[in-house]
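The values are calculated or read from the model by the stated rules, or taken from the named source; none is laboratory data. Nothing here was measured: the structure is a model prediction, and the numbers come from that model. Note that we place each Cβ from the backbone using ideal geometry, even for glycine, and neighbour counts take in every protein chain shown. These area figures cover heavy atoms from the full protein model, side chains too; ligands, DNA and RNA do not enter into them. Shrake-Rupley method; radii C 1.70, N 1.55, O 1.52, S 1.80 Å.
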Amino acid sequence: MTNANTGNQDNRGDKRDNKRDNKRGDKRGDNRNEQDSEFIESVVKIYRVSKVVKGGRRFNFSALVVVGDGKGRVGAALGKAGEVPNAIRKAIEKAKKNMITVPVVNTTVPHEVFSRSDAAKVLLKPASLGTGIVAGGAVRAVVEAAGYQNILSKCLGSNNATNVVWATMDGLKQLHTAEELAARRGIDVADVFSY
């Protein structure tokens, strides 16, 4: 008799789990539109900051997020809120508003670039096909979201994730294709490489 009771209890537990799963499934991800799915979103770092008030400490969260389409558009932003999901959501919305277009030439960067943000310095170099992404966490998130598949990078100085992301974004803003430079200078593309 005890076996039959335990079997019924197990069935009840399964039904409860199924109900929970269905409720969760309705709330998570179903209301997203197709536009969100085309972006690569990656959370680089989550910071917990505290403020000392009369009753103790009050905690807030900052989320550093990188968003890109994998086809040459990328953006990064910092979102702040009292809870982690809200901070991430704010950061994603902000990053989508601040996206930049970067040149992708044969799955890599068109030329070497060195950039800095505060104490963080980042070096980005073109790589041959098959190299892959040689980059640390923060730089990797940015270049993957931008759509680069072969790139060499090195972080010098500070490895603070926020400053490394800003330095990488600044480096990507400095990139230009040979065609863009030729059009700007009013010369042929072949003459750009002779300098």
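Given axes a ≥ b ≥ c from the Cα gyration tensor, I'd like to know whether the stretch 97-195 is rounded (a/c under 1.5), prolate (a/b larger than b/c) or oblate.
Prolate is the answer for the stretch 97-195, as a/c is 1.5 or above and a/b outweighs b/c.
In this model, which of K51/K125; K45/K71; K54/K80; K80/K125 are farther than 31 Å apart at the alpha-carbon?
Pairs exceeding the cut-off: K51/K125; K80/K125.
Roughly how many nanometres apart are two label points built 7 Å out from the Cα toward the Cβ at T131 and Q174?
Here the modelled spin labels are 1.7 nm apart.
Send over a whole-number figure in Å² for the accessible area per residue of the stretch 47-143, probe 1.4 Å.
54 Å²
Once fully extended, how much extra length lies between N159 and E83, figured as 0.36 nm per residue of separation less the alpha-carbon to alpha-carbon distance?
Taking 0.36 nm per residue and subtracting the Cα distance, the gain is 24.8 nm.
By DSSP, what percent of the beta bridges with both residues in the stretch 89-195 are antiparallel, rounded to the nearest 5?
Counting only bridges with both partners in the stretch 89-195, antiparallel ones make up about 85 percent.
In the stretch 122-195, what percent of the accessible surface is made up of carbon and sulfur (1.4 Å probe, ligands and nucleic acids excluded)?
That share works out to 52 percent.
What translational diffusion coefficient, to the nearest whole µm²/s, does the stretch 33-84 have by Stokes-Einstein, given a Kirkwood radius computed over alpha-carbon pairs, a temperature of 10 °C and 1.306 mPa s viscosity?
124 µm²/s
With each label point set 7 Å from Cα along the Cα-Cβ vector, what nm distance links I40 and K97?
2.5 nm
When a/c is below 1.5 the answer is rounded, else prolate if a/b is larger than b/c, else oblate, so apply that to the stretch 38-184 with a ≥ b ≥ c taken from the square roots of the Cα gyration tensor eigenvalues.
prolate
Taking θ = phi - 60°, what integer Hz values does the Karplus form 6.51 cos²θ - 1.76 cosθ + 1.60 yield along the stretch 140-157, in sequence order, with x for Gly and Pro?
Per-residue couplings from phi come out as 4, 4, 5, 6, 5, 5, 6, x, 7, 10, 9, 7, 10, 8, 8, 8, 10, x Hz.
Whose amide H sits under 5 Å from the amide H of K45, counting only residues 5 or more places off or on another chain, with H placed in the peptide plane?
L64
Taking 0.36 nm per residue of sequence separation and subtracting the Cα-Cα distance, how much length would be gained by fully extending the chain between R58 and V189, in nm to one decimal?
Gain on stretching R58 to V189: 41.3 nm.
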